[in-house]
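Asker: Take a look at this one; I'll ask things after.
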Amino acid sequence: MVLAAIALEHGNDAKAKELSDLAAKIGGAVGWRHILLGRLALKRSDTAAARAAARAAAKADVAWPELAGDLGVLLSRTGLHAEALPFLARATEARRYDPQAAYNYGIALQFTGDLRKAREVFEDLVTREPGHAQAWLALVPLAKDRHEEFLPMLEQRFAATDSVEDRLMLGHAIARMLEDKGEWDASLGWLDRAKEPLATRIGHDRAATERLFAASAASAESPIPALSGDTSPLFIVGMPRSGTTLAERILSAHPDVTSAGELSDFAVLAKRTVQTPGGHVLDAPTIEAAASADLSAIEGAYVERVRTIVGDSPHFIDKMPFNFFFAPLILQALPGARVICLRRSPQDTVFSNYRQLFATAFTYYSYAYHFEDTAHFVAQFEKLIDHFEQALPENRFLSLSYEEIVADFDRQARKLVAFAGLDWDDACAAFHENTAPVATASSLQVRQPIYANAVARWKRYPGGAIRVQEALSRLGIGNIEKNIG
């Protein structure tokens with residue numbers, strides 16, 4: 001197993017699998033072997049297999065704190081955040097302090113709603129390891145009462161480090177603190193400084209983005225079947241930071257609904273069905289091929305995968321935001337599925353995506369390192385959803401405005417619940433009391449009652465407001481104050 005782990009760390013996945021299979025024949029190291037198999041499954045975007053491997057490792061138990069930490073991360077990455085906590089706690093409490101284990105534990109605590117304990121873990125971590133940029137970024141929104149103390153410290157650390165990744169995280173943390181001080185354009189300037197090196201290194205491809213959106217738009221021309229069969233799947237999609245988590249919390253507060261989290265399973269099954277080359281499950285060739293393919297085999301496989309998370313819940317939610325690209329294909333492949341798309345004002349969507357630090361390992365978020373690239377991506381989204389609203393059946397595709405949910409919560413929440421085929425339940429109005437884990441950037445906000453502070457946030461940036469309007473106007477989004485609902 002040591003050799004298999006080394007092979008995996010060096011990117012030799014085939015050799016890692018070969019050595020794992022050999023270890024299985026010899027016997028022993030069961031927990032370790034399943035952790036490695038789970039990591040291999042995640043690399044090929046097979047969340048279901050990774051989840052099964054993680055649970056097998058948990059059942060076998062793992063004695064070493066290092067392996068407990070690896071298992072906790074694997075469980076978290078497959079959406080099993082509550083199950084991850086005891087293993088991450090074991091890794092953190094080991095005799096030899098491991099900063100990354102402590103960070104992982106703090107994040108899992110935040111996702112599961114224990115914000116007080118998460119803050120304690122992050123404060124202890126930055127005390128022990130003052131250079132841990134990830135921990136600073138996680139701590140800042142949890143410790144607003146210490147911003148005056150933190151701000152000069154982080155500005156000094158930003159200036160002292162040559163690490164592009166650390167500067168990215170520290171810059172985001174500084175920008176967040178300046179926002180809370182009301183220094184909006186100064187905050188935007190820090191984001192520009194923090195992101196520019198990665199924007200240059202990554203080089204977001206706008207032409208490829210346009211091909212992807214065009215393929216998705218064209219897929220809506222294929223016939224969409226009438227609503228029938230298994231109506232348990234509910235998809236919530238939209239741009240990140242547009243209200244998708246809010247909609248998920250409202251619906252999952254209903255006793256007949258369980259959220260499965262953000263799943264890549266539909267994309268994986270679509271890719272597997274059409275067998276397009278390349279390592280990405282979301283690309284234009286896959287959508288183009290799937291639009292004319294027989295997708296009927298996907299339904300059973302998809303539902304079976306999700307049932308391993310949600311059990312026998314009458315309805316379940318898949319809240320992968322970028323599934324909006326697959327919306328027509330979802331409606332074709334799963335005749336009983338409904339898709340709910342959240343929209344937010346384009347200006348606020350640009351700012352909310354630009355100010356968010358997404359996982360740097362995922363190339364799908366490459367647009368968010370440059371302000372103009374972010375505006376370009378949002379403009380493409382706006383045009384695509386305008387098209388979907390006209391092309392897709394209204395009893396299977398619903399577009400909801402974040403601003404309207406905030407302004408008229410009761411009516412919009414009831415509209416959402418009714419579209420899902422459910423009777424109203426008062427628990428949906430108390431969504432902030434929902435105790436289910438939240439593994440998104442909204443994990444703090446959705447534990448509060450509805451509030452309007454995030455509406456028209458873009459107008460608080462004096463220079464940034466002009467910047468975003470000019471960028472969107474150049475990209476053909478002229479009526480940007482339109483009522484989206």
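Asker: Give the residues of the stretch 199-224 that are at pLDDT below 95 and polar (S, T, N, Q), sorted by residue number.
Answerer: Those that are at pLDDT below 95 and polar (S, T, N, Q): T200, S222.
Asker: So which of D192, D180, D145, D166 is closer than 20 Å to F351 by Cα and modelled with pLDDT of 95 or more?
Answerer: Of the residues listed, the single one that is closer than 20 Å to F351 by Cα and modelled with pLDDT of 95 or more is D192.
Asker: Still on this structure, please answer the following. Surrounded by fewer than 16 Cβ atoms within 10 Å (Cβ to Cβ) and among the acidic types (D, E) - does that describe any residue in the stretch 390-407?
Answerer: yes
Asker: Still on this structure, I have one more. Report the residue count in the stretch 80-108 for those that are small (G, A, S), surrounded by fewer than 23 Cβ atoms within 10 Å (Cβ to Cβ) and closer than 21 Å to L263 by Cα.
Answerer: 1
Asker: Could you list, in sequence order, all residues of the stretch 130-145 that are surrounded by 15 or more Cβ atoms within 10 Å (Cβ to Cβ) and in a helix (DSSP H, G or I)?
Answerer: A133, Q134, A135, W136, L137, A138, L139, V140, P141, L142
Asker: Looking at the stretch 292-319, I want the residues that are closer than 13 Å to F266 by Cβ and have a partner that is polar (S, T, N, Q) and in a loop (DSSP other than H, G, I, E, B) with Cβ atoms under 9 Å, at least 6 apart or on another chain. Which pairs are those?
Answerer: Listed by first residue and then by second, the contacts come to V303/S232; V306/S232; F316/S232; K319/T440.
Asker: Another one. Answer yes if at least one residue in the stretch 416-437 is at pLDDT 95 or above, surrounded by fewer than 18 Cβ atoms within 10 Å (Cβ to Cβ) and polar (S, T, N, Q), and no otherwise.
Answerer: Within the stretch 416-437, none of the residues are at pLDDT 95 or above, surrounded by fewer than 18 Cβ atoms within 10 Å (Cβ to Cβ) and polar (S, T, N, Q).
Asker: Kindly establish whether V121 is among the aliphatic types (A, V, I, L, M), in the same structural domain as E165 (by TED's automatic domain parsing), in a helix (DSSP H, G or I) and surrounded by 15 or more Cβ atoms within 10 Å (Cβ to Cβ).
Answerer: It is false that V121 is among the aliphatic types (A, V, I, L, M), in the same structural domain as E165 (by TED's automatic domain parsing), in a helix (DSSP H, G or I) and surrounded by 15 or more Cβ atoms within 10 Å (Cβ to Cβ).
Asker: Moving to a separate point now. Return yes when L188 is in a helix (DSSP H, G or I), in contact (Cβ under 8 Å) with a residue 60 or more places away in the chain, surrounded by 19 or more Cβ atoms within 10 Å (Cβ to Cβ) and outside the structural domain of F431 (by TED's automatic domain parsing) and no when it is not. Outline the logic, then answer.
Answerer: Numbers: in a helix (DSSP H, G or I): yes; in contact (Cβ under 8 Å) with a residue 60 or more places away in the chain: yes; surrounded by 19 or more Cβ atoms within 10 Å (Cβ to Cβ): yes; outside the structural domain of F431 (by TED's automatic domain parsing): yes.
It is true that L188 is in a helix (DSSP H, G or I), in contact (Cβ under 8 Å) with a residue 60 or more places away in the chain, surrounded by 19 or more Cβ atoms within 10 Å (Cβ to Cβ) and outside the structural domain of F431 (by TED's automatic domain parsing).
Asker: When the residues of the stretch 297-324 are filtered to those that are at pLDDT 95 or above and of a type in the set (G, A, S), which remaining residue is farthest from R55 (Cα to Cα)?
Answerer: Ranking the qualifying residues of the stretch 297-324, first place goes to A297.
Asker: As an exercise: evaluate E165 against (1) loosely packed, with under 15 Cβ neighbours inside 10 Å; (2) over 20 Å from the mean Cα position of the chain (by Cα) and give the number of the one condition it does not meet.
Answerer: So E165 meets the others, but not (2).
Asker: Quick check on my filter: what residues within the stretch 261-275 are among the hydroxyl-bearing types (S, T, Y) and modelled with pLDDT under 95?
Answerer: Hit for the stretch 261-275 is S264, nothing else.
Asker: Does D318 satisfy being buried (at least 23 other Cβ atoms within 10 Å of the Cβ) and of a type outside the set (V, I, T)? It would help to see each step written out before you state the result.
Answerer: Numbers: buried (at least 23 other Cβ atoms within 10 Å of the Cβ): yes; of a type outside the set (V, I, T): yes.
The answer is yes for D318.
Asker: Output the qualifying pairs, or none if there are none: Cβ atoms under 8 angstrom, residues six or more apart or on different chains, first residue in the stretch 164-185 and assigned by TED's automatic domain parsing to the domain that holds G464, second residue modelled with pLDDT of 95 or more.
Answerer: Filtered contacts from the stretch 164-185: no entries.
Asker: Checking the conditions here, which among A23, A56, A4, A16 is at pLDDT 80 or above and in a helix (DSSP H, G or I)?
Answerer: That would be A56, the only listed residue that is at pLDDT 80 or above and in a helix (DSSP H, G or I).
Asker: Which one is nearest to R77 (Cα to Cα) among residues in the stretch 303-325 that are out of contact with any Leu (no Cβ under 6 Å at 6 or more places or on another chain) and in a loop (DSSP other than H, G, I, E, B)?
Answerer: Among those that are out of contact with any Leu (no Cβ under 6 Å at 6 or more places or on another chain) and in a loop (DSSP other than H, G, I, E, B), it is K319.
The values are calculated or read from the model by the stated rules, or taken from the named source; none is laboratory data. Treat the numbers as computed from the prediction; the structure is a model and nothing was measured. Please note: Cβ atoms are built from the backbone with ideal geometry, for glycine as well, and neighbour counts cover all protein chains shown.
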